[in-house]
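Participant: Got a structure for you, written out below as structure tokens; questions coming shortly.
Every number here is computed from the coordinates shown, using simple stated rules; none is lab data. Bear in mind the structure is a predicted one, so any value in this text is a computation, not a measurement. For neighbour counting, all protein chains shown are included, and Cβ atoms are generated from backbone atoms with ideal geometry for every residue, glycine included.
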Amino acid sequence: MQSGPLAQLLKLPAGDRAELAMALWESLTDGEREGELVLTDAQRAELDRRWAEHVENPGSAIPWSDVRRKMLG
């Protein structure tokens, strides 16, 4: 069972938790992100597949502003 600050943060409403997650992500430098986020071969293959799908049909993309608004809504 979690205790302390994390346990309290997990009790926040979903919108507040999403906002906190975004703030934490945005607080990372590019170097921190690159150093900590190593992809597996399967993850890299999935990203390549999704990118190829996007290149083939760019109209299917959802703008980040729409995604973020929905997450924080």
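Participant: I want to confirm something. Restricting to segment 52-69 and keeping residues that are more than 26 Å from Gly15 (Cα to Cα) and hydrophobic (A, V, I, L, M, F, W, C), which single residue is surrounded by the most Cβ atoms within 10 Å (Cβ to Cβ)?
Facilitator: Ala52
Participant: Output the number of residues of segment 23-51 satisfying the condition of being in a helix (DSSP H, G or I), exposed (fewer than 10 other Cβ atoms within 10 Å of the Cβ) and of a type in the set (A, V, I, L, M, F, W, C).
Facilitator: Selection size over segment 23-51: 4.
Participant: Collect the residues in segment 1-45 that are among the aliphatic types (A, V, I, L, M) and touching a residue at least 24 places away in the same chain (Cβ under 8 Å), keeping them in residue-number order.
Facilitator: Ala18, Met22
Participant: Can you confirm whether Leu20 is surrounded by 10 or more Cβ atoms within 10 Å (Cβ to Cβ) and part of a helix (DSSP H, G or I)?
Facilitator: Yes: the conditions hold for Leu20.
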